[in-house]
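Report on the following structure.
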DNA sequence: GTGAAAGCGCTAACAA
DNA sequence: TTGTTAGCGCTTTCAC
């Protein structure tokens, strides 16, 4: 190692081989261990004088509390497990960022798991994470493999599901209705007078819900069934391009409007349209879903159904914090919070 | 809580109020606690027969090992702290994803901290995280506030710095030279015959290094000093647009080529150029840095200096794993791995 | 191949 | 306001 073991006079404890403990601090400060503990966790119970001595001692020997030991003794790890399908998508990234921020401010660390939209992954991550005794768990989506769900229902760890709505949450839910998103997209396009539709959708749980809402609303309105291109997860720009290319090649007539399950796909659709000299939105309207910042400045402008990833993250984290602090019993029932979404029109540049 | 406390016959331990422990397993299996521990951690030392009985017991009572206790006793938490400036940027997101994946496969969980490019944040995150006794730490960048650095040098926790190169790493380093990236950009543009330059750069540590490399190389070549627009972090699409707009408004003549510290900024530059009927690359060349997938399909195509975020993450994680497993002493010196970068030309559509 | 004893570093509960 | 006594649930010796 490049690091030199300098003869730092303060390093007496670190040279002794093991990290200084609370007992070391207590000795230096001339108090009992529990007083040191109190200075750290409930300073109000300790006299000014003792606090001073203890803090001085902590600085002097470079003491860092061992939270493994603390967690074991107090049965509270001050960690939250967060499981998301991906962070490569800017909107989930915003949510993750907001969650870690909010939790960090409240003194909780975030244990991150990325499930890649795989049940098996999610299960393994949970398995691994439960052993750490997290004080709370935040999960993306409302579908979870049956055994995972059961495990979570039995645990008394507060669970927040987010990014979706469901009639039977495990515990607490902070999200919005993807079915409604799809319906809103269809309603919007129908109101604009469009009648010949196509759809490019990813095939993950929530994208499929949106698509179903979209298709169902169209069916109810009695318009022709749209051509649908389903693309694999994670949705990449180029998949949108390929998706619409296939649709346009096989379509018997012109397409009025294209529904995309995400802005990323919508972007690909737009570029392909541009290649083919199809003007947007005059020749073909495009509606996306997700992160407005992206589509707002991409030319030509498209209509987007916008959700605020950061806001969802913040609210999910706050719901969890409330849950964790509401006494540790299951007395308080978990709630459902609908964060909603907004349709953002950007027809004219 | 919505969850019903069902009269599940197996839930005898969970209804008893506390989670089953290793001792509970031992009783059911008719062995001593240490045997249970061995089945979990060193199964080779235990007879087939005993293993069977223990595993059966574990399933029966739904035992989940308490890693807080395990970590305390074994002085190894099997957690790694990861501190990044942001994940809202797809390239860092890839790195984070690769790191968590690689570590998870090796049985380590990732404790995520997001520093928002703030020293103070980074410090607090580290402070908070050190108490969890992580087995390793992965940090973004090579600059760290002096006190953070000192703290880390004294610790015997393996540290991997990534996403940059430096002559004096704390321990191990996996990254590439940002100065060289800037130089390569300048060399590339100069070779194309460009002479009147502009630059739009973010103002974080590494972006500034790239910019400096770019400017220095131009200065050495004796060309006029470029107009530079520095934009705040995190770089958003629109900042690129505003940056180049300001430059074009104040420039006394045409600009041959624009250097951008990231593809996100480059995208903004391109859109603004499009608005002003400046053709790319014929009228004005643009070079970016970061994630090829983004710029490759954005029209018009630009040249990008590409780094593979996932690859960097994987290598950083593997370096850390090697470090953590190389006996716990500081015997093995930390190494420096240069992951390099590539110049991707996309001049013609 | 298995077990008994002794902590890991901290905090809960009670007492003074 | 402070301290004492017992653990938290596991792994490390070391013994058999």
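Okay, here's what the table says:
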{"item": "Residue in region B:45-62 that is within 8 Å of DNA strand D (Cβ to nearest atom) and closer than 23 Å to residue A:81 by Cα present", "result": "no"}
{"item": "Where residue B:254 falls short, out of the listed (1) at pLDDT 90 or above; (2) surrounded by 23 or more Cβ atoms within 10 Å (Cβ to Cβ)", "result": "(2)"}
{"item": "Residue check, residue B:102 at negative phi, buried (at least 22 other Cβ atoms within 10 Å of the Cβ) and more than 9 Å from chain A (Cβ to nearest Cβ)", "result": "no"}
{"item": "Scan of region B:49-64 for residues that are at the interface with another protein chain (Cβ under 10 Å from one of its Cβ atoms) and out of contact with any helix residue (DSSP H, G or I) (no Cβ under 6 Å at 6 or more places or on another chain), ordered by number", "result": "B:62"}
{"item": "Residue in region A:242-263 that is under 17 Å from residue A:197 (Cβ atoms) and within 12 Å of chain B (Cβ to nearest Cβ) present", "result": "no"}
{"item": "Contacts under 7 angstrom Cβ, first residue in region A:23-36 being surrounded by 14 or more Cβ atoms within 10 Å (Cβ to Cβ), partner in a loop (DSSP other than H, G, I, E, B), 6 or more apart", "result": "A:24/A:63; A:25/A:63; A:26/A:32; A:35/A:46"}
{"item": "Flag if residue A:136 is under 30 Å from residue A:25 (Cα atoms) and either at the interface with chain B (Cβ under 10 Å from one of its Cβ atoms) or more than 16 Å from DNA strand D (Cβ to nearest atom) (or both)", "result": "no"}
{"item": "Region B:70-99 - residue that is within 9 Å of chain A (Cβ to nearest Cβ) and assigned to a strand (DSSP E or B) and, of those, farthest from DNA strand C (Cβ to nearest atom)", "result": "B:82"}
{"item": "Of all residues in region A:37-56 being in contact (Cβ under 8 Å) with a residue 12 or more places away in the chain and away from DNA strand C (no atom under 12 Å from the Cβ), the one that is surrounded by the fewest Cβ atoms within 10 Å (Cβ to Cβ)", "result": "A:56"}
{"item": "Criterion violated by residue A:111 - all others in (1) within 7 Å of another protein chain (Cβ to nearest Cβ); (2) at pLDDT below 95; (3) within 13 Å of the chain's Cα centre (by Cα) satisfied", "result": "(2)"}
{"item": "Residue B:226 vs. criteria more than 14 Å from chain A (Cβ to nearest Cβ) and farther than 21 Å from residue B:92 by Cβ", "result": "yes"}
{"item": "Hits in region A:294-349 (condition: modelled with pLDDT under 65 and buried (at least 18 other Cβ atoms within 10 Å of the Cβ))", "result": "A:294, A:295, A:297, A:298"}
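The values are calculated or read from the model by the stated rules, or taken from the named source; none is laboratory data. What you see is a predicted model, and the numbers here were worked out from it, not measured in a lab. Using ideal geometry, Cβ is built from the backbone for each residue, glycine included, and neighbour counts are taken over all protein chains shown.
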